[in-house]
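*Asks:* Quick one: the structure is below, and I'll ask about it shortly.
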């Protein structure tokens with residue numbers, strides 16, 4: 001490694017650590033409870049193999065098809081965290097996320113350096129990637145580990161393939177395939193890796209026969225899909241039940257593209273659960289602006305078609321946003337088109353590549369602008385990180401953007417109850433009752449409220465209004481009966497909950513099983 005490259009690696013590492021060191025004071029939030037805190041698979045050597053043999057995540061994230069995930073490397077990384085940081089130490093888990101983001105920023109630098117041959121452009125792109133606030137929803141969120149891992153292995157795969165094309169050493173090709181497999185075991189978005197490999201071939205102006213090297217990547221993706229089908233069953237082959245016709249989906253994706261560009265240019269009001277109204281008309285302003293943007297980028301690509309760095313940036317950004325295209329209508333609770341800042345994580349490498357081209361052309365002025373932009377983004381990200389301290393701070397930063405009729409506000413109820421803020425919880429329950437009367441959503445929320453107030457009989461009455469009992473409802477009923485000293489009913493519902501979900505850790509603890517780290 002040359003001295004300048006070493007300096008770039010050090011600079012990017014220091015930048016990432018400076019921006020995200022405050023997250024070491026953050027705790028476990030949202031899905032961290034299920035994926036880490038109450039995940040028996042990461043606490044036991046005996047249970048660890050099951051992360052490769054079954055879909056452990058659906059026990060906490062729901063049974064809907066688009067929640068069926070197979071991400072064993074995510075769980076394996078948490079298993080290692082448990083041993084490295086002395087158990088459930090959130091600071092250690094957050095430090096691991098910071099480390100992975102630093103590696104990804106460095107990989108972005110080397111990928112762009114190998115494509116452009118220009119260290120200045122590569123460093124600008126890597127620094128912008130490291131500091132931008134859009135990355136906070138991945139890096140500051142322990143459950144964002146899957147995005148970090150898949151991006152790391154996808155970037156490593158693309159870089160290795162590029163080195164293979166340059167040096168014709170099969171070792172790099174094998175390494176590229178290995179990283180592709182690891183990316184697939186990290187997150188489903190790696191199924192689109194072959195598109196990035198095609199992009200590497202295009203950039204290197206490879207001969208037609210070289211395109212056959214893409215075939216093993218397609219075979220690897222097919223094997224992964226087959227494995228998902230074996231482990232998860234038929235639903236594992238689905239993304240989610242589509243609610244939009246193909247043309248509607250394309251139009252909405254085009255409109256959302258404009259929203260993502262806005263987030264990247266001016267990253268303010270950053271929050272989870274971001275969504276926008278569906279496009280209802282061809283005259284929708286967002287759609288028109290997006291189409292004009294796409295037209296402008298297409299014309300630029302045609303004019304500067306010999307600038308492979310610019311082509312790389314545009315193509316990488318578009319390919320990286322494919323998950324947004326697939327899932328934009330997959331969350332009916334929002335009643336709007338879904339967009340997530342976390343889906344930008346890998347795609348931003350392309351956007352920042354284009355921005356780096358523009359800034360580097362401005363010579364000294366461009367260097368000053370790039371430095372100012374990195375500092376500006378770093379300060380915004382540092383401020384965004386404050387939201388991830390606890391569930392309540394995250395709720396405060398997020399739900400001011402979520403309307404009262406959105407059922408996702410049920411998250412607030414449990415967080416308020418856990419913090420002893422019973423009046424606020426009651427207010428949120430009343431909001432649910434207004435928009436979703438006589439539904440399991442309300443019944444369970446009321447049961448949790450009464451249970452927290454130590455009114456177990458009323459809690460039991462609320463839970464019993466839920467016609468189809470889930471493992472969670474049965475678990476709550478077991479707690480309520482335990483408060484009434486009714487050991488028989490409590491034990492019966494514990495066993496029923498256990499049968500419905502034998503890997504829900506609170507069930508194991510309730511039944512006296514000790515699945516601590518061994």
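The values are calculated or read from the model by the stated rules, or taken from the named source; none is laboratory data. Nothing here was measured: the structure is a model prediction, and the numbers come from that model. Methodologically, a virtual Cβ is constructed for each residue, glycine included, from the backbone with ideal geometry; neighbour enumeration extends over all protein chains shown.
*Asks:* Does the stretch 46-59 include one or more residues that are under 20 Å from residue 91 (Cβ atoms) and either at pLDDT below 85 or surrounded by fewer than 21 Cβ atoms within 10 Å (Cβ to Cβ) (or both)?
*Replies:* Within the stretch 46-59, not a single residue is under 20 Å from residue 91 (Cβ atoms) and either at pLDDT below 85 or surrounded by fewer than 21 Cβ atoms within 10 Å (Cβ to Cβ) (or both).
*Asks:* Here are some residues: 167, 178. Which one is surrounded by fewer than 23 Cβ atoms within 10 Å (Cβ to Cβ), more than 15 Å from residue 218 (Cβ to Cβ) and at pLDDT 95 or above?
*Replies:* Just a single option satisfies the conditions, and that option is 178.
*Asks:* In addition: With respect to residue 183, determine if the residue is within 24 Å of residue 35 (Cβ to Cβ), touching a helix residue (DSSP H, G or I) at 6+ places or on another chain (Cβ under 8 Å), in a helix (DSSP H, G or I) and at pLDDT 90 or above.
*Replies:* Criteria met by residue 183.
*Asks:* Among the candidates 108, 29, single out the residue that is modelled with pLDDT of 95 or more and closer than 19 Å to residue 342 by Cα.
*Replies:* Just a single option satisfies the conditions, and that option is 108.
*Asks:* Would you say residue 373 is surrounded by fewer than 20 Cβ atoms within 10 Å (Cβ to Cβ), touching a residue at least 12 places away in the same chain (Cβ under 8 Å), in contact with a helix residue (DSSP H, G or I) (Cβ under 8 Å, 6 or more places away or on another chain) and part of a helix (DSSP H, G or I)?
*Replies:* Numbers: surrounded by fewer than 20 Cβ atoms within 10 Å (Cβ to Cβ): yes; touching a residue at least 12 places away in the same chain (Cβ under 8 Å): yes; in contact with a helix residue (DSSP H, G or I) (Cβ under 8 Å, 6 or more places away or on another chain): yes; part of a helix (DSSP H, G or I): yes.
Answer is yes for this residue.
*Asks:* Can you tell which of 441, 484, 465, 477 is within 29 Å of the chain's Cα centre (by Cα), more than 26 Å from residue 47 (Cα to Cα) and at pLDDT 85 or above?
*Replies:* Matching residue, one of 441, 484, 465, 477: 441.
*Asks:* Moving on. Among the numbered criteria (1) surrounded by 15 or more Cβ atoms within 10 Å (Cβ to Cβ); (2) farther than 30 Å from residue 42 by Cβ; (3) modelled with pLDDT under 90, which one does residue 446 miss?
*Replies:* All conditions pass for residue 446, except number (3).
*Asks:* Looking at the stretch 487-505 only, could you name the residues that are touching a helix residue (DSSP H, G or I) at 6+ places or on another chain (Cβ under 6 Å) and either modelled with pLDDT under 70 or assigned to a helix (DSSP H, G or I) (or both)?
*Replies:* 489, 490, 493, 494, 496, 497, 498, 500, 505
*Asks:* For the stretch 263-285, give me each residue that is under 24 Å from residue 135 (Cβ atoms) and part of a helix (DSSP H, G or I).
*Replies:* 263, 264, 265
*Asks:* Has the stretch 319-336 got at least one residue that is touching a strand residue (DSSP E or B) at 6+ places or on another chain (Cβ under 9 Å), part of a helix (DSSP H, G or I) and more than 24 Å from residue 193 (Cβ to Cβ)?
*Replies:* The answer is yes; a qualifying residue exists.
*Asks:* I've got another one for you. Against the condition assigned to a helix (DSSP H, G or I), touching a residue at least 24 places away in the same chain (Cβ under 8 Å) and surrounded by 19 or more Cβ atoms within 10 Å (Cβ to Cβ), how does residue 136 come out, does it pass?
*Replies:* It is true that residue 136 is assigned to a helix (DSSP H, G or I), touching a residue at least 24 places away in the same chain (Cβ under 8 Å) and surrounded by 19 or more Cβ atoms within 10 Å (Cβ to Cβ).
Residues checked against (1) in contact with a helix residue (DSSP H, G or I) (Cβ under 6 Å, 6 or more places away or on another chain); (2) touching a residue at least 60 places away in the same chain (Cβ under 8 Å); (3) within 30 Å of residue 263 (Cα to Cα); (4) in a helix (DSSP H, G or I):
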residue	(1), (2), (3), (4)
379	no, no, yes, yes
395	yes, no, yes, yes
415	yes, no, yes, yes
420	no, no, no, no
425	yes, no, no, yes
429	yes, no, no, yes
434	no, no, no, yes
437	no, no, no, no
443	yes, no, no, yes
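*Asks:* Return yes when residue 346 is at pLDDT 90 or above and more than 17 Å from the chain's Cα centre (by Cα) and no when it is not.
*Replies:* no
*Asks:* Do we have residue 367 as modelled with pLDDT of 80 or more and out of contact with any helix residue (DSSP H, G or I) (no Cβ under 7 Å at 6 or more places or on another chain) here? Spell out the reasoning first.
*Replies:* Details: modelled with pLDDT of 80 or more: yes; out of contact with any helix residue (DSSP H, G or I) (no Cβ under 7 Å at 6 or more places or on another chain): yes.
Spelling it out, residue 367 is indeed modelled with pLDDT of 80 or more and out of contact with any helix residue (DSSP H, G or I) (no Cβ under 7 Å at 6 or more places or on another chain).
*Asks:* Checking the structure you have, find out if any residue of the stretch 211-220 is more than 25 Å from residue 162 (Cα to Cα) and modelled with pLDDT of 80 or more. Please lay out each step first, then the result.
*Replies:* Going residue by residue through the stretch 211-220, those that are more than 25 Å from residue 162 (Cα to Cα) are none.
No, because not a single residue in the stretch 211-220 is more than 25 Å from residue 162 (Cα to Cα) and modelled with pLDDT of 80 or more.
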